[in-house]
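The values are calculated or read from the model by the stated rules, or taken from the named source; none is laboratory data. Bear in mind that the values here come from a model prediction, so they are computed numbers and not experimental data. So basically every Cβ, Gly included, is an ideal-geometry build from the backbone, and we count neighbours across all protein chains shown.
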Amino acid sequence: PIQSSLDSFHQTANCFQTTTCSSTKRSPPPSKSLRSYVNSNLHPKKRVELVDENDKLKNAAAMLAGVVARLETRTVALVARLPDPIRDHIKPLSQSLPQDPNATKLSLAQRFQNVVGILNEVNKFHREITVTSEVRTLADGNAAEVAAVYVGLGQAYYAGANGAAAGVGRPSETGWTWEPANDAAGQISDAIAILKNEKVANFVLLPLKVHP
């Protein structure tokens, strides 16, 4: 009986693998594909239900593809306006944004995950004050390493190590723009030192420009 059961199981496995089986009365003939066999043996009502459900899924997928394509386009434009620290941080995700949404091999789930991941990191950066080291071109035209502080995505400041050079950064349509602010170098250096716990906390007046 055991050997008979094993033989039956082996024969059944071969049926699934080759889609034909001589011992099964409902097996499709070799000239038919498995899909056509299944379609021909489904109850008409069930077949209609499956077709309707498949059409609904295709329509939903097409709608979602359009939504994520628009989100990707807007996200690419947003990334171009971000400052270097957060842009470098999200580079693994932003590099996955397709240049042509109609030609990408990524699944809809992966594409949505990339967009959501980028927006989450950008939102987190916008809610924080970030201190970092950068290389900036100073007013005299020379490049130097400076300490920079970003107040979310609204404004940024930098100060050189000598305490004499400083600047202010603001977002624009084509990325961040930086202007010299050597007159405020002392205040900007103090603010950065406080954020780095190198000085006692205190109120510091910094230059600020608000665009409507």
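Taking segment 171-188 as the range and being crowded, with 16+ Cβ neighbours inside 10 Å and closer than 23 Å to F125 by Cβ as the test, the residues that pass are P171, W176, W178, A181, I188. Just one of (1) free of Cβ contacts under 8 Å to residues at least 12 places away in the same chain; (2) acidic (D, E); (3) under 20 Å from R70 (Cα atoms); (4) part of a helix (DSSP H, G or I) fails for D88. It is (3).
Counting the residues of segment 183-211 that are among the aliphatic types (A, V, I, L, M) and more than 17 Å from R170 (Cβ to Cβ) gives 9.
On the given criteria, is N59 free of Cβ contacts under 8 Å to residues at least 24 places away in the same chain, over 15 Å from the mean Cα position of the chain (by Cα) and either assigned to a helix (DSSP H, G or I) or surrounded by 14 or more Cβ atoms within 10 Å (Cβ to Cβ) (or both)? Taking the combined requirement at face value, the residue satisfies it.
How many residues are on the phi > 0 side of the Ramachandran plot and in contact (Cβ under 8 Å) with a residue 12 or more places away in the chain if we restrict to segment 138-189? The qualifying residues number 3.
Is segment 88-95 home to any residue that is of a type in the set (K, R) and closer than 25 Å to A193 by Cβ?
First, pick out the residues of segment 88-95 that are of a type in the set (K, R): 91.
Among the residues that remain, those that are also closer than 25 Å to A193 by Cβ are: none.
Checking segment 88-95: not a single residue is of a type in the set (K, R) and closer than 25 Å to A193 by Cβ.
Kindly indicate whether any position in segment 133-150 is among the polar types (S, T, N, Q) and modelled with pLDDT of 90 or more. Among the residues of segment 133-150, at least one is among the polar types (S, T, N, Q) and modelled with pLDDT of 90 or more, which makes the answer yes.
The condition of being without any contact (Cβ under 8 Å) to a residue 24 or more places away in the chain, more than 20 Å from P171 (Cβ to Cβ) and part of a helix (DSSP H, G or I) holds for R70. Residue count for segment 74-130 under the criterion of being more than 30 Å from Y158 (Cα to Cα) and of a type in the set (D, E): the result is 1. Which members of segment 107-119 meet the condition of being over 16 Å from A77 (Cα atoms) and surrounded by fewer than 16 Cβ atoms within 10 Å (Cβ to Cβ)? Correct list: S107, L108, A109, Q110, Q113. Tell me, please, whether a residue that is out of contact with any Lys or Arg (no Cβ under 8 Å at 6 or more places or on another chain) and on the phi > 0 side of the Ramachandran plot can be found in segment 101-124. The answer is no, given that none of the residues of segment 101-124 is out of contact with any Lys or Arg (no Cβ under 8 Å at 6 or more places or on another chain) and on the phi > 0 side of the Ramachandran plot.
Which one is nearest to A164 (Cα to Cα), of the residues in segment 190-206 that are surrounded by 14 or more Cβ atoms within 10 Å (Cβ to Cβ) and without any contact (Cβ under 8 Å) to a residue 40 or more places away in the chain? Among those residues, the one meeting the criterion is D190.
Taken residue by residue, segment 138-145 has at least one member that is over 18 Å from R81 (Cβ atoms), surrounded by 15 or more Cβ atoms within 10 Å (Cβ to Cβ) and not basic (K, R).
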